[in-house]
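K.L.:
Here it is: the structure, laid out below.
Just so you know, all these numbers are worked out from the coordinates, no wet-lab data involved. Remember, predicted model here, so these are calculated numbers, not experimental data. Cβ: placed from backbone, ideal geometry, glycine included. Neighbour counts: every protein chain shown.
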Number of protein chains: 2
Amino acid sequence: MKGKEITIYDIATKLGLSPSTVSRGLKGHYTVSQKTQRKIASTAESMGYRFNTFAASLRSSRTNTIGVVVPRLNSYFMSQVIAGIEKVLSEAGYNLLISQSLEDVNKEIRNVKTMFNSRVDALLVSLASDTKELSHFDVFTERGVPLLFFDRIPGKHTAPAISIDNEQAAYEVTKHLIQQGAKTIIHITGNQLRNVYADRLKGYKRALSAAKLKFSPDHVIINDLSETSGIAAAAKLKALKADAVFVANDSCAASCMKEAKRLGLRVPDDVMFAGFNNDMISRNVEPALTTVDYPGIEMGELAARNLLAHLDERIDLNLMKDILLKTRLLVRESSSKS
Amino acid sequence: MKGKEITIYDIATKLGLSPSTVSRGLKGHYTVSQKTQRKIASTAESMGYRFNTFAASLRSSRTNTIGVVVPRLNSYFMSQVIAGIEKVLSEAGYNLLISQSLEDVNKEIRNVKTMFNSRVDALLVSLASDTKELSHFDVFTERGVPLLFFDRIPGKHTAPAISIDNEQAAYEVTKHLIQQGAKTIIHITGNQLRNVYADRLKGYKRALSAAKLKFSPDHVIINDLSETSGIAAAAKLKALKADAVFVANDSCAASCMKEAKRLGLRVPDDVMFAGFNNDMISRNVEPALTTVDYPGIEMGELAARNLLAHLDERIDLNLMKDILLKTRLLVRESSSKS
């Protein structure tokens, strides 16, 4: 059974004070002594009084809530980013409202609308794989509600964005495989609407070109980068005469490598493998997977810190175009020929 | 520059209607024709009108927001549960407010207080590893705000809880290892304040006892079940003459198994391994890891569906004590002796 909501009148009656004293005391007003403030606060707490955050936020027009829209919550990388965001925001007294687009632009549009109606103070977004048009974010920019993209960012947009240099990171992976002797490098990647995958493909091509290796569209496999798709892709490696495979994430790379081994290919001697993200799985498969260290927690923390600084008017996010985080190539046994 | 908030008066002026017609139209009132309702809605949207969810919720005393407090957001299992919760709640039009305790009871207490003040319609909780006392949840039960625990649930508490039969699942893992010939089974697990780890230890002991094997406290290693702790634990296996290791999660089992192999132990011939959770990592290590399939997404979906049914007064959660989900032992190469 739901009890009656406790009001300042109930607290006032209990303490023999006037309701206005209780109200001012709860707000820490200087006209109420410290001792009385403490007494009011402890009585309010013991009676189960709910400070009316909602009513207060209607007055101040701040809700102290930040919205986050991501493609999938159940991704190792994304869970790291969200953990980083939550850590910083909760220390600063903000709440975190989250939703996932499930890689569907229509759900993303609904999520963004819900976040807007929930009056978030700012919105953090990583795009769904099939998002082309960005007009669902206009309402934020038009109303001056800060909007910050991270990781999967729009190609051309006025809102600021936090990401890594995906092209350069992929260039370095590919260059490393070439230095190890690879001539036929298969690249497995995701939807080319997204910067993260389009830029990695560019970096792969640039490294081939720099080494005077011919680029072949047949060597690029585009799928959803899932564990299952990795297994399916392994079946094509022999026919393609691949001597190296560069996959745009670690979980797909790990399942592809395991299946390639099952099909009789030796790693790295017959075929080398490299992934992307430095997920936990990359360190625990055999051979350990060469990958790109891609700092999810740091990306989340940095995104949250920049938003807070903007909300406190310490920086103006709109003056920033892109914030790039460092990455690091981690060479492991999957691409180290003995 | 922040624009002025659009009001129903602005919409009324634009359409040449009275503000009260606009207000009723936005609420879908029968006195306003469907055609006019559509015109009002599309004009409101194009002008960037924010339906005042907050003011509406003050009136209805519902915020359509559900709070979730978990130990860590960056855990494969927890990210599955949260994905399941979000999917169901967002389809039902609810927002999801999340926070992590970072395994610290003090942060958990602060998180729970914030959720209460944010007036969530219900709270879903999985406990921090060091939570003993549960009085920080009393304010929810006292005020009649639904509270539902999942996975890491209190030992004795009046609130309903969703979990698996941890003792039975661990009993089956241990029994399987014994059937495969193990005599000295090491159990690596987490803080015994938590049901998930205490119950798994009970199941392990019960299987030993059923097989008339002696239980030795030296064979139980309690740590934080991290990747690093798995590596550290591997160093002790030879001295303990272990012929099997049962670890209470997969990521710790995977790193421990990999390190054991590096130290010269053959898996499964010298030492068998089993984990818990059926994380992606368990399928991709070598040998593939025997584990317990533990449905994170389903647990999240079930928790959310039960809460919604309670909020809609279709079921009364308070009549339920425990909801148990099925688990399944998955025997793989790490414990299959040739």
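K.L.:
Sticking with the crude label model, points 7 Å out along Cα→Cβ, report the distance from B:ALA239 to A:GLU133 in nm, one decimal please.
P.N.:
Each label point lies 7 Å from its Cα, and together they span 6.7 nm.
K.L.:
What is the set of long-range amide H partners of A:MET272 at a cut-off below 5 Å, with H atoms built 1.01 Å from backbone N?
P.N.:
A:ALA244, A:VAL245
K.L.:
How far, in nm to one decimal, is B:ARG38 from itself in the other copies if the label point is set 7 angstrom along Cα toward Cβ? Shortest first, please.
P.N.:
Label-point separations across copies, in nm and ascending: 6.5.
K.L.:
Right, another one. Starting from the Cα gyration tensor of region A:8-51, take the square roots of the eigenvalues, sort them a ≥ b ≥ c, and report rounded, prolate or oblate (rounded when a/c is under 1.5, otherwise prolate if a/b is larger than b/c, else oblate).
P.N.:
Prolate shape, in that a/c is at least 1.5 and a/b is the bigger ratio.
K.L.:
Let me ask something else. Amide H of B:VAL220: which non-local residues (sequence gap of 5 or more, or other chain) have their own amide H closer than 5 Å, using H built in the peptide plane?
P.N.:
Answer set, sorted by chain and number: B:HIS187.
K.L.:
For region B:179-314, what number of Lys pairs, 8 or more residues apart or on separate chains, have alpha-carbon atoms under 24 Å from each other?
P.N.:
28
K.L.:
Something else about it: Quick one: Karplus J couplings for region A:185-202, per residue in order, coefficients 6.51, -1.76, 1.60, θ = phi - 60°, nearest Hz, x for Gly and Pro?
P.N.:
Karplus-based 3J(HN,Hα) across region A:185-202 equals 9, 8, 10, 9, 8, x, 3, 6, 5, 8, 3, 4, 8, 5, 5, 5, 4, 4 Hz.
K.L.:
Name the residue farthest towards the positive end of the dipole of region A:8-51 from the options A:MET47, A:GLY28, A:GLY16, assuming +1 on Cβ of Lys and Arg, -1 on Cβ of Asp and Glu, about the Cα centre.
P.N.:
The Cα lying farthest towards the positive end belongs to A:GLY28.
K.L.:
Taking the label point 7 Å from Cα in the Cβ direction, how far apart in nm is B:ARG314 from each other copy of itself, listed shortest first?
P.N.:
Relative to the other copies, B:ARG314 has label-point distances of 4.7 nm.
K.L.:
Any idea what the dipole of region B:208-306 comes to, in debye rounded to 20, about its Cα centre with Lys/Arg Cβ at +1 and Asp/Glu Cβ at -1?
P.N.:
Charge dipole, region B:208-306, about its Cα centre: 420 debye, nearest 20.
K.L.:
Highest GNM mean-square fluctuation, chain B, Cα pairs closer than 10 Å: which of B:ASP243, B:ASP165, B:ASP269?
P.N.:
B:ASP269
K.L.:
Let me ask something else about it. Taking amide H positions as placed in the peptide plane 1.01 Å from N, state which residues far from A:LEU325 in sequence (5 or more) or on other chains have amide H under 5 Å from it.
P.N.:
HN-HN under 5 Å from A:LEU325: A:SER163, A:ILE164, A:ASP165.
K.L.:
With point charges of +1 on the Cβ of Lys and Arg and -1 on the Cβ of Asp and Glu, referenced to the Cα centre of chain B, which listed residue (B:ALA234, B:ALA260, B:LEU307) lies farthest in the positive direction of the dipole?
P.N.:
B:LEU307
K.L.:
Would you mind ranking B:ARG200, A:ARG38, B:ARG194 by Cβ crowding within 10 Å, fewest neighbours first?
P.N.:
Result, fewest neighbours first: A:ARG38, B:ARG194, B:ARG200.
K.L.:
Please find the FRET efficiency linking B:ILE6 to A:ARG62, where r is the Cβ-Cβ separation and R0 is fixed at 22 Å, and quote it to the nearest 0.05.
P.N.:
0.75
K.L.:
Size of the dipole of region A:8-51 about the Cα centre, Lys and Arg at +1 and Asp and Glu at -1 on the beta carbon, nothing else charged, in debye to 20?
P.N.:
Magnitude of the dipole: close to 120 debye.
K.L.:
Quick one: 3J(HN,Hα) in Hz for region B:263-280, Karplus 6.51/-1.76/1.60 with θ = phi - 60°, rounded, Gly and Pro as x.
P.N.:
Going residue by residue, I get 7, x, 7, 8, 10, x, 4, 7, 9, 8, 10, 9, x, 7, 2, 6, 5, 3 Hz, with x marking Gly and Pro.
K.L.:
Defining the label point at 7 Å along Cα→Cβ, can you sort the distances from A:LYS236 to the same site in each other copy, shortest first, in nm?
P.N.:
Distances to the matching label points in the other copies: 4.8 nm.
K.L.:
Averaging sequence separations of C-alpha pairs under 8 Å and six or more residues apart, then dividing by the length of chain B, give the relative contact order as a whole percent.
P.N.:
16
K.L.:
Follow-up question, since we're still on this one. Once you have a ≥ b ≥ c as the square roots of the Cα gyration tensor eigenvalues for the protein assembly as shown, tell me rounded if a/c is under 1.5, and otherwise prolate or oblate according to whether a/b is larger than b/c.
P.N.:
oblate
K.L.:
Further question: Remind me, relative contact order of region B:235-295 in percent, using alpha carbon pairs under 8 angstrom and six or more residues apart?
P.N.:
35
K.L.:
Defining a contact as two alpha carbons under 8 Å apart and six or more residues distant in sequence, what relative contact order in percent does region B:8-51 show?
P.N.:
About 33 percent, as a whole number.
K.L.:
Taking the Cα centroid of region A:183-237 and of region A:291-333, what is the distance between the two, rounded to the nearest whole Å?
P.N.:
Using only Cα atoms to place each centre, the spacing works out to 26 Å.
K.L.:
Starting from the Cα of B:LYS156, draw a straight line to each of the aspartates and glutamates and keep only those under 15 Å, dropping any in the same chain fewer than 8 residues away.
P.N.:
Counting by Cα, and skipping residues close in sequence, B:LYS156 has these aspartates and glutamates nearby: B:GLU133, B:ASP138, B:ASP199, B:ASP322.
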